[in-house]
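Asks: The structure is given below, and queries will be raised subsequently.
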Amino acid sequence: MTHEFDLAQALSTGVADRTGAWEFIRGFAAHWTGPLGEGDGWGEAELVAAEERLGVELPLALREAYQLFGRRRDLSSNHDVLLDPAQLYVDPAREALVFRHENQGAASWGIRLAALGQDDPAVVIRADLADKSAEKWESWLDRLSLTCLEIVLSESLHAPEGLCDFLSDLDQDGIDVLEQSCTRLPFPTCPVGEEEPGVRWFLGTDVLLRNDDDEVLFVRARTESALERVRGLIPGDWLNDY
C-alpha cells in the first residue's frame, strides 16, 4: 500500500457504485500508471457517432467510462481489448452490444440490448466455441462499472514496463503464504455465481496480485524491489524471473 492511495479502501468504495468506480480508476491511474488527463477519454462526438451508426443509445456508465479512460490503452487494452466507439457492434443475433474482446478472440463481453436503457447494466460474456450452436451469452458481472474496475485491474497485470510476473505452478504452500501475508481485496467473483476459489484479488506492499482458481498467480508491482519481494515470498518458476 502507499500513503498517497489506499488501494484497498478505495476499491471498497469503488465497488459500491459507478461514481466510486470512476474515483477508484482516477486514483489507481495516478499512483500505479500515470494520471488521467483530458485527452485520455473519447469525446461526445465519437460517442454520438457510434450511437447513430448502431441505432442504439449507449448506457450512461459506458459513456462515462469511455469519456474517462477510453483512449488509455495501458488501462484498458494491454491484453484484452476495449473496443473504440467506432468499433462497437451488435452481435449477429442482435442480443448484445459488444464492447470488449479477449486478446485471441476466445471471448467477447457485451451488454444485452434489452438492458441498454439502464444507467449501469449487467455485463455478459460469450465464449468463441468450435460448435457455434453451443455459444450463448452468460452473466459476467452485475454492473458495467464493476466490469470497468475489473478491466483496469486485470490489464495492469500485463503492463509492458517489466513490473509484472506470472506463476503457473501455484501450490498450497504458496496459497497459504499469499493469504497470510497479503490483504484480500473486496471485489466480487466473476463470472457471477462462480464458487470459491474463483478469481481473488490481493494486495501486498506495493504489489497487486490475482489468484485464478488457486492455480496461477499474476502480480503487478509498483517497483522492481516490490516484485522481487513477492518472488522471494512465494517461490516457484516465475515466468519473467530470468
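The values are calculated or read from the model by the stated rules, or taken from the named source; none is laboratory data. Keep in mind that what you see is a predicted model, and the values were worked out from it rather than measured. Methodologically, a virtual Cβ is constructed for each residue, glycine included, from the backbone with ideal geometry; neighbour enumeration extends over all protein chains shown. We work out accessible area using only protein heavy atoms, side chains counted, and drop any ligands, DNA or RNA first. Shrake-Rupley method; radii C 1.70, N 1.55, O 1.52, S 1.80 Å.
Asks: Let's test the formula: R0 of 22 Å, r as the Cβ-Cβ distance of Asn240 and Phe5. What FRET efficiency results, to the nearest 0.05?
Replies: The calculated FRET efficiency here is 0.30.
Asks: Which GluC sites (Glu not before Pro) in the stretch 148-242 sit in a loop by DSSP (not H, G, I, E or B) and have at most 13 other Cβ atoms within 10 Å of their own Cβ?
Replies: For GluC sites (Glu not before Pro) across the stretch 148-242 that sit outside H, G, I, E and B with at most 13 neighbouring Cβ atoms in 10 Å, the list reads Glu161, Glu194, Glu195, Glu215.
Asks: Within the accessible area of the chain, what % is carbon and sulfur when the probe is 1.4 Å and the other protein chains stay in place?
Replies: About 49 percent, which is the carbon plus sulfur part of the accessible surface.
Asks: Another question, then. So how exposed is Val81, as accessible area in Å² (1.4 Å probe, rounded to 10)?
Replies: Looks like 50 Å² after rounding.
Asks: Here is a follow-up. With a 10 Å cut-off between alpha carbons and a GNM built on the chain, which of Ala107, Ala221, Ala130 moves the most?
Replies: Evaluated over the chain, the most mobile residue of the options is Ala130.
Asks: Using only Cα atoms and rounding to the nearest 10 degrees, what angle (0 to 90) does helix 44-54 make with the longest principal axis of the chain?
Replies: The angle comes out at about 60 degrees.
Asks: Okay, next question. Can you work out the accessible area per residue across the chain, with the rest of the protein chains kept in place, probe 1.4 Å, in square angstrom?
Replies: 46 Å²
Asks: Mind listing P(r) for the stretch 178-228? All alpha-carbon pairs, 10 Å bins, whole percents.
Replies: Histogramming the stretch 178-228 at 10 Å steps yields 26, 52, 19, 3 percent.
Asks: In Å, what Kirkwood hydrodynamic radius results for the chain from the alpha-carbon pair distances?
Replies: One over the average 1/r among Cα pairs gives 18.7 Å for the chain.
Asks: What is the helix-to-structure angle for 18-28, meaning the angle in degrees between its Cα long axis and the longest Cα principal axis of the chain, kept from 0 to 90 and rounded to the nearest 10?
Replies: 50 degrees
Asks: Another question, then. Convex hull over the alpha-carbon atoms of the stretch 27-121: what's its volume per residue in Å³?
Replies: In the stretch 27-121, the Cα convex hull volume per residue is 98 Å³.
Asks: Moving to a separate point now. Taking the Cα centre of the chain as the origin and placing charges on Cβ (Lys, Arg +1; Asp, Glu -1), which of Ile25, Ser12, Ala221 is farthest toward the positive end of the dipole?
Replies: The one lying farthest along the dipole's positive direction is Ile25.
Asks: Next up: Under 16 Å from a label point 7 Å along Cα→Cβ of Asp84: give me every residue in the stretch 45-65 with its amide N that close.
Replies: The answer is 45-51, 53, whose backbone nitrogens lie closer than 16 Å to the label point.
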